[in-house]
Amino acid sequence: MAVEADTQQGRVTGRVWTVRLAPYGRPSAGTVRLSCSRPACADQRFTTAAQARKGAVEHVNGHLAHVRAGGGPRGDVWCACRAADCAWHTPDTLDGHRGGARPAAAAVRCGGPVVLTVHADRAGRLWRIAETCARCAAATGDCRVLDTAPPPPRTAPAGPAPDKAAPQGGPAGRAAEPSGPVGGATAVFSDHTPVTATPSSPPTVPAARTTSPGDASPQPQQEGKIAQRAVPHDLRPDSLRVELIELGDEFRAYQQRTAPDLSLLADLHDRKAVAFAQWADATGDGSLRREAHRARKAAQTTREMHENRCGGPGGAAASGDGPPVERLLTRGQAAHARTVLDHVPGLAPSNEAAVHLAVLMLTLRCARTGTGNITGQDLTGWLQEDAERVVEQLVAADWLRLPGTVEEALASRPEDPAAVVVPSLLPDEPCPFAFGKTTRSRISGWAQKASGDRRLRKRKPAAPARLLALYTAAHIRPDGRLGEAGDSAGDGLGLERMSAFCAVPTEELAEHAALLIAADWLTEADVDVEAGTLRGRLAERVWPLGGLL
């Protein structure tokens, strides 16, 4: 794009190219338009968002190749970010303005060499190439430095007058300092004080100041910070002060690690909880006690994450026999999922497997507020050919309320979903669930993935088999064995509770368990009607969907 001259500084502004993606035409068409701020670049149109992003990346790479072919970034240009009043800065990165509004351009100090940067927003809709200073690049979020311009040549002072011999060195107005040895010349530093050094008079070193033993100052105390708090130098006992300083250093060292170590991080949080509790006892500061409580919770959560990754204590991954398992649900989220499964038989208006499946999925959509959005694809994916009949049955029982007719709900699309209401889950009614929106979303996604498993769909399972798949996935040990909550031995699942959840007689559970084995959902299943248990093991391919007990 064309550059504009800065008349005050006598320098041109750094180049900027901005590539954007935006919808084009009707939303249902899905067409995306690519536009570039360079006038010579014509707009492009793509039929899908993936093609548009690929085209945008190729367009950006083309501009970068052109810049490199022209010699890279120019070291004598004015920072393009400063020319835009530093509007590209991330607020949290501005010195002295954390969490506040963006300061005026005069309050922001540019500095460092000119760099070539590329910024890509997290939504994947905007890319920006710019020549900025290194300080502005560091203050801009999601910004990557690709190349650094060589510094512009600096001229030596022309005369003894410091106000005429000191050229302006950049946007901050710093005077240039000489690089290299100085002999027989006047060096002008940023404080504008001339210093003359000659070969015959080498610089003198000041003599050490002599003090009497009684005037000696005490040894300075070690200082440190932890959790954005400065550790007082007079904190007692001294062992607590040293522990807090060491903890702060270890937390900062952990942040520099290339790979996470959740076990080490949990130990650090435990030490922090103990140290902050002692700090609170020593000072009477209530905020320190709250920080200690947060550290204990962080240690517990971190250990749960570690167990989810390694399969828990005694698991295959924990013993080094297999890779870590990245589970979709934490132990706490799995416990909430089992709570929802246990409530389905009591929430459903009729004892039918398809109705139980619809009640489960709709409950997970509307658990917190009693309202949620669904599409026709959701309903047909859950219920297949029974979708219309089951939805009509729920509406007739006033368990579900639709904004229109059942046919309109089945025809709704993702861009215009149907807003449904479950009256029993509205805020004015007693709610059996106590989890937040993040947990609700995670459990709903887990149920969607488990019931829609690809290998399971190939077997065209009926609703009871899909419910059994969900129930078995929600009740496993770290080694994949099925078990009930509170049963450390993991000696199978109770048939009565499974029968109530799946809405089928206990005698039919063996048939559906055999289908799960054929779909590689279970590796083994033993239905013991006399003992009233189902013993089995979840296949390793679906361990990520397992809810650990």
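The values are calculated or read from the model by the stated rules, or taken from the named source; none is laboratory data. Please read these numbers as outputs of a predicted model, since none were measured by experiment. Here the Cβ positions follow ideal geometry from the backbone for every residue, glycine too, while neighbour counts run over all protein chains shown.
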Options 518, 510, 514: the member that is farther than 19 Å from residue 335 by Cα, surrounded by fewer than 20 Cβ atoms within 10 Å (Cβ to Cβ), touching a residue at least 40 places away in the same chain (Cβ under 8 Å) and in the same structural domain as residue 484 (by TED's automatic domain parsing): 518
Selection from region 511-547 of residues that are over 15 Å from residue 467 (Cβ atoms) and part of a helix (DSSP H, G or I): 514, 517, 518, 540, 541, 542, 543, 544
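This table checks each residue for (1) farther than 26 Å from residue 332 by Cβ; (2) touching a Gly at 6+ places or on another chain (Cβ under 9 Å).
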| residue | (1), (2) |
| --- | --- |
| 374 | yes, no |
| 396 | yes, no |
| 405 | yes, no |
| 411 | yes, yes |
| 426 | no, yes |
Of residues in region 231-256 being touching a helix residue (DSSP H, G or I) at 6+ places or on another chain (Cβ under 9 Å) and part of a loop (DSSP other than H, G, I, E, B), the one surrounded by the most Cβ atoms within 10 Å (Cβ to Cβ): 231
Selection status of residue 449, within 26 Å of residue 380 (Cβ to Cβ), loosely packed, with under 13 Cβ neighbours inside 10 Å and in contact (Cβ under 8 Å) with a residue 40 or more places away in the chain: no
Flag if residue 11 is modelled with pLDDT under 70 and surrounded by 14 or more Cβ atoms within 10 Å (Cβ to Cβ): no
Residue identified as farther than 29 Å from residue 415 by Cβ, in the same structural domain as residue 502 (by TED's automatic domain parsing) and at pLDDT 95 or above among 356, 336, 343: 356
Some residue of region 473-488 being assigned to a helix (DSSP H, G or I), in contact with a Ser or Thr (Cβ under 7 Å, 6 or more places away or on another chain), in the same structural domain as residue 361 (by TED's automatic domain parsing) and under 25 Å from residue 549 (Cβ atoms): no
Total residues in region 369-401, condition part of a loop (DSSP other than H, G, I, E, B) and surrounded by fewer than 18 Cβ atoms within 10 Å (Cβ to Cβ): 3
Residue in region 386-394 that is closer than 25 Å to residue 456 by Cβ, basic (Lys, Arg) and in contact (Cβ under 8 Å) with a residue 40 or more places away in the chain present: no
All positions within region 128-149 that are part of a strand (DSSP E or B), touching a residue at least 60 places away in the same chain (Cβ under 8 Å) and over 12 Å from residue 64 (Cα atoms): 132, 148
Conditions (1) over 22 Å from residue 544 (Cα atoms); (2) modelled with pLDDT of 95 or more; number of the one not met by residue 361: (1)
In region 324-366, the residues that are surrounded by 18 or more Cβ atoms within 10 Å (Cβ to Cβ), of a type in the set (S, T, N, Q) and not in a helix (DSSP H, G or I): 330
Single residue of 18, 48 found to be at pLDDT below 90, β-branched (Val, Ile, Thr) and within 29 Å of the chain's Cα centre (by Cα): 48
Within region 489-505, tally of residues that are surrounded by 16 or more Cβ atoms within 10 Å (Cβ to Cβ), modelled with pLDDT of 90 or more and part of a loop (DSSP other than H, G, I, E, B): 2
Options 439, 405, 363: the member that is free of Cβ contacts under 8 Å to residues at least 60 places away in the same chain and either assigned by TED's automatic domain parsing to the domain that holds residue 517 or among the basic types (Lys, Arg) (or both): 405
